[in-house]
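Shown next, in structure tokens, is the structure this report addresses.
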Amino acid sequence: MSQSQKVEAAYAIARDVFAAAGIDTAVALDRLDTIPISMHCWQGDDVRGFENPAGQLTGGIQVSGNYPGRAGTPSELRADLDFAMAQIPGQKRLNLHAIYLESDTPVARDAIESRHFQNWVDWARKSQIGLDFNPTCFSHPLSADGLTLSHPDKAVRDFWISHCKASRKVSEYFGKELGTPSVMNIWVPDGMKDLPADRFAPRERLAQSLDAIIAEPISRDFHKDAVESKLFGIGAESYTVGSSEFCMGYATSRNILLCLDAGHFHPTEVVSDKLSSVLQFVDEVLLHVSRPVRWDSDHVVLFDDELQAIANELIRGDILGKVNIGLDFFDASINRVAAWVIGTRNMRKALLRALLEPVARLKKAEGERDFTTRLAMMEEAKSMPWSAVWDFYCLSRNVPVGIAWLDEVKNYERNVLSKRKAA
């Protein structure tokens with residue numbers, strides 16, 4: 001029996017098991033196909049971009065490791081993305097930062113235009129994916145003291161306001177050209193290493209700057225604004241201007257998206273528990289799925305309890321239409337392409353498991369106050385043969401089954417990545 005036949009036979013058994021629980025696996029797989037996951041470009045080159053690839057990261061961002069094969073050009077990065085996406089089933093998007101522009105001459109950040117990203121748009125159209133965007137408010141001389149949109153110097157604030165305004169026009173262009181709205185996320189590194197004497201004024205300035213940025217209306221058919229909070233960062237250990245409370249209040253009062261990053265909260269807080277709360281007050285959420293290890297260290301996403309809890313909330317709450325799923329990690333200690341594949345496949349695995357839960361029966365038991373049945377079914381669902389459904393999903397979508405993708409990545413490393421110049 002061939003591997004394909006084994007996968008199909010295992011799936012046939014799993015399909016019947018789930019059918020007995022009232023779950024149609026074919027419907028689940030069709031729905032899974034339609035859920036886009038926005039992969040992040042900065043995993044492929046350690047957040048260097050192409051504005052000044054030799055520049056030093058600032059803003060509390062550090063990338064550990066120097067695994068060989070880093071993408072050094074836009075063409076190399078797109079080739080790596082193409083290869084990674086070929087190992088991952090389901091609908092995908094790409095999330096770009098402003099520093100990934102392409103130009104033969106230097107471009108100031110407040111002067112970026114859609115033409116500087118035309119190659120990305122052409123690539124995305126050919127790949128049949130959407131693009132998302134981010135202004136880059138770090139790794140720049142005017143962010144060197146840790147303040148940007150909340151800076152006391154109006155000239156500094158105005159520069160970053162102009163950069164974010166220009167970024168909105170780029171994002172709008174993405175949406176118009178590709179037929180799917182671009183989510184543009186504003187995150188700033190603003191904060192202080194030691195205790196501030198004035199916590200109020202920087203937050204007042206940040207709110208005013210953000211108001212100036214989003215003042216021009218742009219149709220949500222093309223562009224969506226989001227703001228992202230932070231707990232702390234390197235150099236901002238004692239005070240973060242754009243705190244969770246600030247961003248939640250701002251998003252709610254201005255009717256824009258709130259970005260929830262899995263690594264931007266206290267160690268005992270989890271994003272999975274926040275979704276049902278914030279969506280009572282904001283229309284839409286942007287998720288940055290990451291993995292903090294004791295702090296916001298952006299490790300490769302694991303198939304762990306919190307990832308599954310996030311996916312469960314999306315399905316149980318029927319909120320997929322209100323949540324934009326994106327990834328945010330950067331690990332230079334391992335093969336960068338493999339990191340993309342591992343993290344993105346894990347996100348989709350978690351979504352599949354959530355789709356294969358007997359949600360209607362769970363809610364019925366809960367509504368009848370039958371908590372015994374609810375707990376029993378939740379626990380039983382964990383050991384149902386979802387992995388056989390996953391293998392069939394990969395097989396039927398022409399991507400590697402199981403860990404077979406690793407052989408493909410190793411071959412790509414030998415034939416492509418190993419031939420690149422060292423960073």
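The values are calculated or read from the model by the stated rules, or taken from the named source; none is laboratory data. If you're wondering where the values come from, they're calculated on a predicted model, not measured in any experiment. Using ideal geometry, Cβ is built from the backbone for each residue, glycine included, and neighbour counts are taken over all protein chains shown.
Considering the range 1-89, the qualifying helices (runs of 4 or more DSSP H), each wholly inside and each with 3 or more residues that are within 30 Å of Ser103 (Cα to Cα), run over 74-85. The criterion of being more than 28 Å from Gly235 (Cα to Cα) and in contact with a strand residue (DSSP E or B) (Cβ under 7 Å, 6 or more places away or on another chain) does not hold for Met39.
Starting from residues that are over 25 Å from Arg345 (Cβ atoms) and of a type in the set (A, V, I, L, M, F, W, C), keep the ones in the range 275-286 and report whichever is surrounded by the fewest Cβ atoms within 10 Å (Cβ to Cβ).
In the first step, residues of the range 275-286 are kept if they are over 25 Å from Arg345 (Cβ atoms); the result is 276-284.
Next cut, of a type in the set (A, V, I, L, M, F, W, C) only: 278-279, 281-282.
Values: Val278: 18, Leu279: 17, Phe281: 12, Val282: 18.
Ranking the candidates gives Phe281 first.
Of the residues making up the range 77-132, those that are farther than 28 Å from Pro400 by Cβ and of a type outside the set (Phe, Trp, Tyr) number 22.
Listed here are the residues, each with its yes/no results for (1) outside any loop (DSSP other than H, G, I, E, B); (2) within 15 Å of the chain's Cα centre (by Cα); (3) buried (at least 20 other Cβ atoms within 10 Å of the Cβ).
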site	(1), (2), (3)
His266	no, no, no
His288	yes, yes, yes
Gly321	yes, no, no
Ala339	yes, yes, yes
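Among the candidates Gln56, Gln43, which residue alone is surrounded by 21 or more Cβ atoms within 10 Å (Cβ to Cβ) and among the polar types (S, T, N, Q)? Reasoning before the result, please.
Working: Gln56 fails: surrounded by 21 or more Cβ atoms within 10 Å (Cβ to Cβ).
Exactly one residue qualifies, and that residue is Gln43.
Selection over the range 392-409 of residues that are surrounded by 12 or more Cβ atoms within 10 Å (Cβ to Cβ), assigned to a helix (DSSP H, G or I) and either free of Cβ contacts under 8 Å to residues at least 12 places away in the same chain or in contact with a Lys or Arg (Cβ under 9 Å, 6 or more places away or on another chain) (or both) gives a count of 5.
Yes or no, residue by residue, for (1) at pLDDT below 95; (2) crowded, with 22+ Cβ neighbours inside 10 Å:
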position	(1), (2)
Leu231	yes, no
Ser243	no, no
Ser253	no, no
Leu260	no, yes
Gly263	yes, no
Asp273	no, no
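Exactly one residue among Ser75, Ser162, Ser103, Ser139 is surrounded by fewer than 22 Cβ atoms within 10 Å (Cβ to Cβ), among the hydroxyl-bearing types (Ser, Thr, Tyr) and in contact with a Ser or Thr (Cβ under 9 Å, 6 or more places away or on another chain), and that residue is Ser139. Residues in the range 133-147 include none that are in the same structural domain as Val341 (by TED's automatic domain parsing), of a type in the set (Val, Ile, Thr), part of a helix (DSSP H, G or I) and under 24 Å from Val227 (Cα atoms).
Does Lys126 fit the bill of being loosely packed, with under 14 Cβ neighbours inside 10 Å, modelled with pLDDT of 95 or more and not aliphatic (A, V, I, L, M)?
Taking the combined requirement at face value, the residue satisfies it.
When every residue of the range 211-229 is checked against the conditions, at least one turns out to be crowded, with 21+ Cβ neighbours inside 10 Å, assigned by TED's automatic domain parsing to the domain that holds His140, of a type in the set (Gly, Ala, Ser) and under 21 Å from the mean Cα position of the chain (by Cα). In the range 343-358, the condition of being at pLDDT 95 or above, part of a strand (DSSP E or B) and under 24 Å from Cys394 (Cβ atoms) is met by no residue. Do the conditions hold for Ala332, that is, is it touching a residue at least 40 places away in the same chain (Cβ under 8 Å) and either in a helix (DSSP H, G or I) or buried (at least 24 other Cβ atoms within 10 Å of the Cβ) (or both)? So Ala332 fails the test. Residues that are farther than 30 Å from Ile37 by Cα and either among the hydroxyl-bearing types (Ser, Thr, Tyr) or assigned to a loop (DSSP other than H, G, I, E, B) (or both) within the range 182-202 comprise Lys193, Asp194, Leu195, Pro196, Ala197, Asp198, Arg199, listed in sequence order.
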